[in-house]
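Written out below as structure tokens is the structure these notes cover.
Values in this text are rule-based calculations from the coordinates and carry no lab data. Given the structure is predicted, the values throughout are model-derived calculations rather than measurements. Here the Cβ positions follow ideal geometry from the backbone for every residue, glycine too, while neighbour counts run over all protein chains shown.
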Amino acid sequence: MSLKRRPKLAVWKFASCDGCQLSLLDCEDELLAIAGALKISYFVEASRAVVKGPYDLSLVEGSIAAPHDLERIQEVRRISKFLITIGACATAGGIQALRNFTDVKDYIPLVYARPQAIEALETSTPISAHVPVDFELQGCPINKRQLVEVVSAYLQGRKPAAPPHSVCLECKLRGNICVQVAQGTPCLGPVTHAGCGALCPTYQRGCYGCYGPKETPNTQSLSAWFHNRLGVSEPELLRVFRTFNAWAEAFRVESKSHEH
């Protein structure tokens, strides 16, 4: 009797810091189980060994930020049965999407000694802006337990159990006192997708929105609270929403409302 073929896994990098790929390597014991259930066929961060595609499951980190990325992501989609984007760069354009609010050509000469050698698109955009995506896993970086859940769901042929609630619920589960209500600290927890375990509020700091907007976030109401109750100025409100997930629709629209 022949053994069942293990699905082939590929991990791809576009414009990013590699942090989400490192989250996969940081799974340790869970990674051994994943490697036993999947054939890791392309993962340059971990090995130079390459097994030719097509691939059953592709995990894509990074945004589309350079001209050559446009053609490459089309090829990745073509040879991937399922494509899952991981991290803020792949799902929302990342911190590099701050270029989208200005002219990138004004800044390249300030950063690089040989600006003529740099090939960059005017914008940094998520993978879903260019090809169909089967699932998006938010975070900067992603939560490794959520990643294991997504991979497990794929292997079992079910929908991933990715809770849509906000960071506020994670605060309640940890028994945290609300830093916004009790201390007057601006916090994006009410509009940010859960996944970090309320890391910053646990240490008396406001949420920075690393996991991007949750489902149906009321950013306008939160901005009004920041401004009317906490005295946050319009320029500060703009900066609050322009961090790791600045190009995510809810945060992008809200930040633009404070431009003038």
Next on the checklist: What FRET efficiency comes out for C178 versus A117 if R0 is 51 angstrom and r is the Cβ-Cβ distance? Round to the nearest 0.05.
Outcome noted: 0.55
Checklist outcome for this item: Least to most buried among I118, I177, I108, I84, by other C-beta atoms within 10 Å and fewest first, runs I177, I118, I108, I84
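Test of understanding: what is the full-extension gain from L199 to R48, defined as 0.36 nm times their sequence separation minus their Cα-Cα distance?
50.9 nm
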Item to check | Order of C168, C20, C27 under a 10 Å beta carbon neighbour criterion, fewest first | outcome: C27, C168, C20
Checklist entry - Out of segment 112-162, which chymotrypsin sites (Phe, Trp or Tyr not before Pro) are coil in DSSP terms and have no more than 15 other C-beta atoms within 10 Å? => result Y112
Next on the checklist: Suppose we keep just the alpha-carbon trace of segment 103-186; what are its Rg and Dmax in angstrom?
Outcome noted: 20.2, 53
Checklist entry - Measuring from a point 7 Å past the Cα of R145 along Cα-to-C-beta, which residues in segment 167-208 have an amide N at less than 18 Å? => result 167-176, 193-203
Next on the checklist: Test of understanding: ordering S257, S41, S124 by Cβ neighbours within 10 Å, fewest first, what list do you get?
Outcome noted: S257, S41, S124
Checklist entry - How large is the Kirkwood hydrodynamic radius of the chain, in angstrom, based on all distinct alpha carbon pairs? => result 19.6 Å
Item to check | Q220-L110 pseudo-label distance in nm [points 7 Å out on the Cα-to-Cβ vector] | outcome: 3.3 nm
Checklist entry - Share of antiparallel DSSP beta bridges in the chain, in percent to the nearest 5? => result 20 percent
Item to check | Cα-based helix-to-principal-axis angle, 144-156 vs the chain, degrees rounded to 10 | outcome: 40 degrees
Checklist entry - Nearest 0.05, what FRET efficiency do R5 and F135 give at R0 = 22 Å with Cβ-Cβ as r? => result 0.45
Checklist outcome for this item: Note on segment 50-173, DSSP bridge orientation, antiparallel percent to nearest 5 equals 10 percent
Item to check | Dipole axis of segment 167-256 (+1 Lys, Arg; -1 Asp, Glu on Cβ), positive-most option in V191, G206, G231 | outcome: G206
Checklist outcome for this item: Percent of all Cα-Cα pairs per 5 Å bin for segment 167-256, counting from 0 up to the last occupied bin, reads 3, 16, 28, 26, 19, 7, 1
Checklist entry - Under 5 Å between amide H atoms, partner at least 5 residues away or on a different chain: which partners does F43 have, H built in plane at 1.01 Å? => result V11
